[in-house]
Every structure is written in structure tokens, then in C-alpha cells.
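One structure is given below, encoded as C-alpha cells.
Coordinate-derived values only; no laboratory data. What you see is a predicted model; the values in this text were computed from it and never measured. In this analysis, Cβ positions are derived from the backbone assuming ideal geometry, glycine residues included, and neighbour counts consider all displayed protein chains.
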Amino acid sequence: MSRDETPRRSGARDLERYAGLFSQRTQAMKSSAMRDLMAVTARPEIISLAGGLPDTSTFPAEDFAALMARVAVDASARALQYGPTEGLDEVKECIARVMAAEGMEVEIEDLLVTTGGQQVIDLVCKTLIDPGDVVVAEAPTYPGAVPVFVSYQADVVQIEMDEHGMRTDVLVAELERLDRDGRVPKFIYTVPSFQNPAGVTLALERRHELVRIANERELLILEDNPYGLLRYSGEPLPTLYAIDGAEYVIYLGTFSKILSPGLRLGWAAAPRPVLDKLNLGKGGADLCSSTLSQQFVATYFAERDWRTYLGTLVELYRKRRDVMLEALAEHLPPEATWTEPDGGLFIWARLPDYIDTTDLLARALRENVAFVPGRAAYLDGRGGSEMRLNFSGVGEDDIREGVRRIGKVVREQVALYSTLTGQQPAAAREAAPEPENVVELRRRAG
Amino acid sequence: MRVAVLKGGRSLERQVSLRSGARVEDALQRLGHEVVPIDVGADLVDRLRAVRPDVAFVALHGPGGEDGTVQELLELLGVPYTASGPSACIRCMDKVLAKHAFQDAGLPTPEFYAFSQTAFEELGAGRALPAIEERLDFPIVVKPAGQGSALGIKFARRAEDVAGALVAALSYDTKVVLERYVAGRDLAVSVIDGPGGPEALPVVEAVPNEEDFYDFEARYEIGRTTFTCPADIGADATARAQELALAAYATLGCAGFARVDLMLEDTTGELYLLEANAIPGLTDTSLLPLAAEAAGVPFDELIARIVGLAVARVTA
């Protein structure tokens with residue numbers, strides 16, 4: 001029957017009609033005013049420092065064409081066919097090489113190829129979390145993990161960080177507090193290197209400490225390491241997976257930041273019993289990750305030196321990071337602080353606590369610039385005066401101009417606040433007062 | 001008829017507007033009209049000239065679409081359009097104008113003070129804040145004058161919160177309202193025009209699921225607020241709320257349809273007008289369609305009626 005003959009039912013009961021069918025899980029998922037606000041940041045005239053995008057324009061188009069042609073010639077039928085849930089062995093060999101570059105030894109049997117790193121977070125929650133189970137995460141945590149935790153109805157405890165990453169003393173205190181309530185977290189979620197969103201890196205001693213805590217208490221750690229190889233300064237640090245020897249660490253890696261997020265390929269390395277469950281979960285979710293993408297990766301690693309392109313990205317992003325740090329020092333008022341990441345894609349800035357960065361975003365959008373308001377990285381309403389800035393996906397001129405515009409609106413609000421309260425704004429960066437509640441993450445530029 | 005549905009635009013309520021627009025388009029199609037969806041942008045005048053619609057359905061929310069700007073253009077182009085004209089839109093969008101209009105008409109609205117950013121920057125209005133705080137008592141609600149959604153609305157619980165709340169509200173508009181907080185029940189009365197003049201629909205109450213009275217955003221999130229219609233507030237309060245909504249509608253000069261938001265104070269049982277929305281949401285979670293349905297007017301009939309009124313306004 002055509003649509004004309006059967007007018008769709010309509011009415012205000014539409015939602016009500018379906019709402020009764022929604023699971024507890026989806027009822028916990030929220031759409032919010034902030035989401036509507038973020039949707040506006042996609043307008044073309046806006047310089048968006050809100051994304052988390054790698055710069056894919058730097059991948060040589062001729063290479064892409066040649067490699068895809070090679071896939072078509074050599075492996076057409078396989079590339080167009082389903083593959084094993086755990087992923088193609090050729091790809092796992094590539095993964096082993098990438099992990100080796102960060103000092104990790106892994107058997108290909110310990111690997112599961114996934115649809116982006118994001119799927120690992122989902123599968124780990126699916127495997128470990130019953131409603132109300134505790135997950136420990138950093139404060140702030142990766143905004144993309146928040147909806148996953150929420151959808152599995154996890155009770156997330158966020159541990160504050162300083163410039164050396166998650167504070168293990170606070171973690172221990174928190175674990176003891178949970179202990180007293182008879183609760184044990186299922187896992188600790190951490191992005192130890194160049195954290196998204198804070199840009200800080202977990203110090204070596206704390207890495208050992210964290211692994212020791214997990215071993216002693218028999219807790220799993222989900223080590224999310226998308227950016228480890230994107231280091232622009234400082235010495236490489238061993239991963240938690242390497243320190244732990246694959247006892248209590250589930251490792252999450254991805255091709256998104258070293259090759260392409262469009263491939264949607266990531267991986268998990270995990271203790272075998274956990275990996276088996278993740279594998280079953282993945283089978284139910286999508287049978288297998290794109291075989292076409294996997295063939296592309298295998299061909300790419302066979303025909304090109306993956307480290308060359310990685311080197312290009314590192315050079316490009318290092319410059320962009322430096323440009324953003326310079327611009328922040330030039331344009332942000334002395335009341336603001338921010339992190340100086342040694343790698344990754346993000347800088348985390350903290351403004352005086354009377355500035356709400358969700359509201360500031362509305363003002364910034366009128367200047368055609370966007371960032372991620374800090375609340376997106378917390379599950380408990382904190383982060384209201386913080387913001388995430390991305391430097392990887394935007395050219396140097398746009399970074400300068402974007403930060404200049406953000407600086408303009410921040411200064412405007414600082415001035416307005418001082419007019420309202422009769423307090424003088426800080427005179428110069430050097431003379432800036434140290435707000436007592438802004439000790440963590442503090443690192444002043446300039 | 002050929003109906004252009006104006007939606008989207010650049011306002012912060014773009015997403016809601018797209019949802020309202022899509023739902024209206026479906027209804028218009030079912031009603032047998034030729035539908036031309038227009039995501040409002042720099043080419044709006046050219047598009048309208050090319051499409052030459054018989055009527056424009058304005059499904060825009062927030063500044064740009066709900067504040068009289070688009071309506072002014074439609075008047076200029078001679079395109080009949082739905083809902084209120086420019087002057088009513090301007091009064092609805094600007095909470096300061098609306099509240100003054102209520103006061104002048106003797107309608108109850110919570111006591112308030114309004115300031116422009118210039119007043120703070122050039123006239124030292126900040127010095128007057130302590131006096132305001134004394135008169136309004138805490139908590140004080142601080143709102144941008146011209147933002148349709150819950151964005152930028154803050155509760156200042158102590159004197160120290162006021163400056164920050166003002167900075168937040170001034171992120172959205174150059175004018176702000178400081179308003180006495182009315183603790184009570186959150187009501188909305190939609191009004192639609194009919195053959196016998198404007199008619200108030202059943203009262204909707206927004207009931208927060210959690211006890212977070214200070215979290216305005218919660219009221220707009222699916223799952224955190226339950227809407228009941230008709231509101232269980234008794235016949236007297238219902239009649240009075242509807243009467244006030246009609247009076248507000250008339251005072252502001254609205255046409256076609258609008259939604260009036262009120263508070264029913266717990267301690268006194270008094271009703272207060274908060275604001276009027278010239279183009280309330282028409283999504284499947286919006287209050288006007290919910291109220292219309294409760295009154296026995298299904299969505300398609302509501303849309304047919306609104307379009308009919310727009311055409312009748314021109315031919316009258």
C-alpha cells in the first residue's frame with residue numbers, strides 16, 4: 001500500500017507509544033541542550049577546535065588509490081566477503097608490529113580486531129558491567145566513553161589528575177572507600193598517554209603503581225592508548241600492558257590516529273578468558289570488522305613503511321601543538337591555565353570558576369569558533385569551567401585565529417565579571433593569582 | 001496548496017527546529033499539500049521567490065526565526081505565514097518586553113529587574129545588585145532576555161553566585177532578567193486560534209523525575225521530566241491558568257498559536273506568567289501537540305488549522 005493510502009499514525013503520543021518499549025538502558029541515555037549546542041559547531045563557517053579529528057588530508061591520495069587497486073586485484077573476493085570475528089591474521093601481524101613499536105610483545109592469539117577502538121570500550125562494558133557496577137575513570141575522562149558507561153548503567157567514579165596523570169593516592173583512597181561499602185570496581189579505565197581530553201601523561205612511577213594496585217586487588221585495567229605513538233616531546237614510557245605482562249590489563253589500540261579513522265579498525269589485546277568473551281560479544285554486535293578495511297591495512301603494511309606516514313603526522317601535529325600553545329599564551333587572560341601535552345591531539349584549558357564553558361560556547365559560536373565544554377568529560381556535573389581544544393584537525397592559521405577568538409570572548413567575560421564584582425582582573429600572566437582550587441592540571445605557559 | 005516549511009536556521013535551537021519542521025512536513029503531506037522544506041540560510045529570499053509558496057509554515061525556534069526577523073521578510077515578500085506577526089514575535093522573544101507588557105496589563109509575573117550589558121559596563125549597574133538581591137531574595141533566577149530554550153538560565157543561590165550567573169546569561173544576549181524564584185509547579189498552557197477566537201488548551205505540567213529543582217536542563221531531557229496533561233491542579237487553578245494564558249496571548253498580540261509558561265506557587269497558590277513562546281516546539285515530545293491531543297485535536301488537524309488561519313488572515 002502506498003503511503004497516501006495509509007497515513008502514518010501521528011500525534012503527541014508518538015514518543016509515549018515507543019517509550020514504553022525502551023529498555024532501562026536506553027532510558028538512561030540522554031539528549032541534552034549541550035548536544036544541540038554541539039550540533040551547531042558543524043557549520044562550515046565555524047573554526048572547530050571541538051573535534052578530535054586526525055588530519056587525513058596528509059595521506060597521499062595516489063597511495064590510497066594504488067593500495068585499493070592492489071586490494072581489488074589481489075584479494076577482491078576475500079575483501080568483499082565476511083571474515084573471522086577475531087579479525088584477519090595478516091592484520092593481527094600488523095598490530096603486533098605497531099605494538100612492538102611501543103615495546104609490547106603480543107601473540108596474535110591474544111588479539112581481537114575491532115570496529116574502531118570505541119568498540120573495545122563497548123565490548124569491555126558488555127562483558128564486565130552489570131547495572132550499578134563500579135567503573136573507575138579519570139577526571140576528566142574521554143567524552144566518547146561517557147555514553148558507553150551510561151548505557152551500561154555503570155556507576156562511574158572519577159579520579160582527579162595532576163600533570164602526572166591519574167593521582168594514584170586518590171585512587172587508593174577511593175578504592176578503600178568503595179571497599180568499606182563492600183563494592184569492588186570491575187575495571188579502571190585510563191588513557192595513560194596524552195590523555196583525551198586533558199593532554200597529560202601518566203608518569204612512570206604511577207604506571208608501575210597502577211599496575212601494582214590492579215594486581216594486588218585483582219582489578220582489570222582498560223588501557224586506552226590511541227595516541228602513544230604520537231609523541232612530540234619527552235621520552236617514550238612503557239605501556240601498562242608492557243609493565244603488567246598481560247595479567248590484568250586489557251589493551252586498546254587503533255589504526256585511527258596512525259593511519260585513518262575512516263577505516264574503523266582498532267583492536268584489543270587481553271588475557272585469553274576475557275578476550276574470548278569480548279570475541280563472543282563482538283560476534284553478536286557485528287560478526288566481524290570490515291574485511292575491506294582489513295585488506296587495506298594488510299596491503300598498506302606490506303607495501304609501505306607505516307612509520308614514514310606516522311613521522312609525517314608527528315611533525316605536523318608537533319607544529320600545530322606549538323602554534324596552539326603560543327596562541328594560548330598570547331590570547332588567553334592570566335586567569336586561565338592549560339596543559340602542555342607531550343603528544344596526542346588535545347589541550348585542556350581551565351578558566352576561572354565563574355565562567356561556564358557551556359554558556360561560553362554559545363557566545364563563542366557567534367564568533368564562529370567552537371570547543372568542547374568540560375562537562376562532556378565528567379559524569380558528575382564537574383568540569384563547568386574547563387574546555388577541550390583540539391590542535392590536530394585544524395591548520396595553523398585557523399588554530400591561531402580560533403584561539404584568538406576564544407581569547408576574545410574569555411577576556412570579555414573576565415572583564416564583565418570584574419565590572420560586576422569590582423574586582424580587578426589579573427594584571428599579567430606572571431602576576432596571576434593562583435586560585436586555590438585549581439591545583440590539579442596546572443601548568444602555565446609563557 | 002504549496003507550503004514552504006521554514007526550519008533549521010542558525011539559532012542554537014536548530015536541532016529542535018529541524019525536528020519540528022520534519023514532523024510538520026509529514027503532516028502537511030498527509031493533508032495533501034505540496035511541501036517544500038527550506039533550511040533557512042542566506043538564500044532564503046531567493047528560495048522563496050523561486051518557490052512562490054501559497055503559504056509559509058514557520059517552524060523556526062529561537063533568535064532569527066522566532067523573533068520577528070523572518071516574519072518581517074515574509075511580510076515584505078507578500079508570503080502568507082503561520083503564527084504571530086513581527087511585533088508579537090519581538091515581544092515574545094524578549095522576556096523584558098513581555099514581562100513589562102504583562103505588568104502594564106495588570107497580569108501577574110514574578111518581580112524582576114532587567115539590565116543590558118551596557119548598563120553594567122558603562123553605568124555601574126553592578127553597584128545596584130545588592131539592592132536587587134535584597135528585594136528579590138535568594139535564590140534568584142537569572143535569564144538571558146532573548147533565548148528561547150533553557151540555555152543560559154541560572155539559579156543564583158547566594159550573593160556570590162550572581163555575577164557568574166549574569167556572565168553566563170550575557171553569553172546569549174546583551175540583555176538579562178533577574179527574577180524572583182517562584183517555588184512551585186511548572187505549567188504550560190498552549191493557545192490556538194479558532195473560529196470563536198483564541199482557545200486555551202488543557203494545562204500541561206512538567207514534573208521533574210528527580211528532586212533537582214535547580215537543574216533547568218532536566219526539564220527538557222527525555223526521561224528526566226514527565227509531562228502530565230491535563231495537569232492535576234484542580235478546576236480553579238486550571239481555569240485561572242487558562243484565563244491568564246489567553247490574557248497573555250492577547251496582550252502580546254499573538255496570532256495562530258503560542259505557548260504560555262506559568263508557575264503555580266506552592267505557598268500561596270498564586271499563578272505567575274513566566275513567558276510566552278511565539279513558535280513553540282512541534283516535535284513529538286513538545287507540549288503544544290500534547291495539549292492539542294488531550295483536547296481531542298490530533299496533530300494533523302492542528303497543522304491544518306494553523307495553515308488555514310494563516311491563509312484566512314490574508315484573505316480576510
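Just to confirm the number: angle between the C-alpha axis of helix B:159-169 and the first principal axis of chain B, 0 to 90 degrees, nearest 10?
Around 20 degrees separate the two axes.
Restricting to bridges with both residues inside chain B, how much of the DSSP beta-bridge set is antiparallel, in percent to the nearest 5?
Here the share of antiparallel DSSP bridges comes out near 75 percent.
Once amide H atoms are built 1.01 Å from N in the peptide plane, which residues 5 or more positions from A:GLY343, or in another chain, come under 5 Å H to H?
A:TYR232
So what are the three principal axis dimensions of the range A:165-309 from its Cα atoms, in whole Å, longest to shortest?
53, 41, 26
Where in chain B lies the longest segment free of chymotrypsin sites (Phe, Trp or Tyr not before Pro) that are both loop residues by DSSP (not H, G, I, E, B) and have at most 15 other Cβ atoms within 10 Å?
The answer is B:1-212.
Per the Kirkwood definition applied to all pairs of different Cα atoms, how many angstroms is the hydrodynamic radius of the protein assembly as shown?
About 28.5 Å for the protein assembly as shown.
Based on the Cα atoms of the range A:234-338, what semi-axes does the equivalent ellipsoid have, where each is the square root of 5 times one gyration tensor eigenvalue, given in whole Å with the largest first?
The three semi-axes for the range A:234-338 are 34, 21, 15 Å.
Taking the inverse of the average 1/r across all pairs of different Cα atoms in chain B, what Kirkwood radius in Å do you get?
20.0 Å
For the range B:243-309, calculate the relative contact order in percent as a whole number, restricting contacts to Cα pairs under 8 Å that are 6 or more residues apart.
The value is 23 percent.
For peptide B:157-167, how many partner chain Cβ atoms fall within 10 Å of a residue's Cβ, on average?
5
Order these by the 10 Å Cβ neighbour count, fewest first: A:TYR248, A:TYR227.
Fewest-to-most Cβ neighbours within 10 Å comes out as A:TYR248, A:TYR227.
What net charge is computed for the residues neighbouring B:SER20, neighbours being all others with C-beta under 12 Å from the C-beta of B:SER20, Lys and Arg scored +1, Asp and Glu -1?
Surrounding charge for B:SER20 is -1.
Out of all DSSP beta bridges with both ends in the protein assembly as shown, state the antiparallel percent to the nearest 5.
The antiparallel proportion sits near 65 percent.
Can you flag which of A:LYS282/B:LYS154; A:LYS257/B:LYS143; A:LYS186/B:LYS154; A:LYS257/A:LYS282; A:LYS186/A:LYS319; A:LYS186/B:LYS143 are past 32 Å Cα-Cα?
A:LYS282/B:LYS154; A:LYS257/B:LYS143; A:LYS186/B:LYS154; A:LYS186/A:LYS319; A:LYS186/B:LYS143
Specify, per residue and in Å³, the volume enclosed by the convex hull of the alpha carbon atoms belonging to the range A:348-431.
Cα convex hull per residue, to the nearest whole number: 113 Å³.
Contact order normalised by length for chain A, with contacts defined as Cα pairs under 8 Å and 6 or more residues apart; what percent is it?
22 percent
How many nm is it between the label spots at B:THR118 and B:ASP232, if each spot is 7 Å from the Cα in line with the beta carbon?
Here the answer is 5.1 nm between the modelled labels.
Before rounding to the nearest 500, sum -39500 (n - 2.57) across all DSSP H runs of length at least 4 in the protein assembly as shown and divide by the residue total; then give [θ] at 222 nm in deg cm²/dmol.
Helix contribution divided over all residues of the protein assembly as shown: -13000 deg cm²/dmol.
Using the Kirkwood formula over every pair of different C-alpha atoms, what hydrodynamic radius in Å results for the range A:293-372?
That comes to 15.7 Å for the range A:293-372.
With a/c under 1.5 counting as rounded, go ahead and sort the range B:81-207 into rounded, prolate or oblate using the C-alpha gyration tensor (a ≥ b ≥ c being the square roots of the eigenvalues; past the cut-off, prolate if a/b is larger than b/c, else oblate).
prolate
So for the range B:230-288, considering every pair of alpha-carbon atoms, how many percent are separated by more than 17 Å?
42 percent
When the distances between all Cα atoms of the range A:271-422 are binned every 10 Å from zero, what whole-number percent does each bin get?
10, 28, 23, 20, 14, 4, 1
Under Stokes-Einstein, with the Kirkwood radius over Cα pairs standing in for Rh, what whole-number D in µm²/s applies to the range B:46-139 at 20 °C and 1.002 mPa s?
132 µm²/s
Report the equivalent ellipsoid semi-axes for the range A:116-213 in whole Å, largest first, defined as the square roots of five times the eigenvalues of the gyration tensor built from alpha carbon atoms.
Over the Cα atoms of the range A:116-213, the semi-axes work out to 20, 18, 11 Å.
What's the magnitude of the charge dipole for the protein assembly as shown around its Cα centre, counting Lys and Arg as +1 and Asp and Glu as -1 at the beta-carbon? Answer in Debye, nearest 20.
1400 debye
Testing the spin-label approximation: label points 7 Å from Cα along Cα→Cβ at A:ALA302 and B:ARG127. State their distance in nm.
So the two model labels end up 8.0 nm from each other.
Quick one, can you get me the convex hull of the C-alpha atoms of chain A expressed as volume per residue in Å³?
Hull volume normalised by residue count: 189 Å³.
List A:TYR232, A:TYR300 from most exposed to least, where exposure is judged by having the fewest other Cβ atoms within 10 Å.
In increasing order of surrounding Cβ atoms, one gets A:TYR232, A:TYR300.
What FRET efficiency do you get for A:THR56 and B:ALA250 if R0 is 45 Å and r is their Cβ-Cβ distance, rounded to the nearest 0.05?
0.20
Taking a ≥ b ≥ c as the square roots of the eigenvalues of the Cα gyration tensor of the range B:1-74, is the shape rounded (a/c under 1.5), prolate (a/b larger than b/c) or oblate?
In terms of gyration-tensor shape, oblate.
Can you list residues whose amide H is under 5 Å from B:SER84's amide H, if they're 5+ apart or on another chain and H is modeled 1.01 Å from N?
B:ALA255, B:PHE257
Based on DSSP loop calls and a cut-off of at most 12 other Cβ atoms within 10 Å, the longest stretch of chain B free of exposed GluC sites (Glu not before Pro) is what?
Counting at most 12 other Cβ atoms within 10 Å as exposed, the longest clean stretch of chain B is B:1-209.
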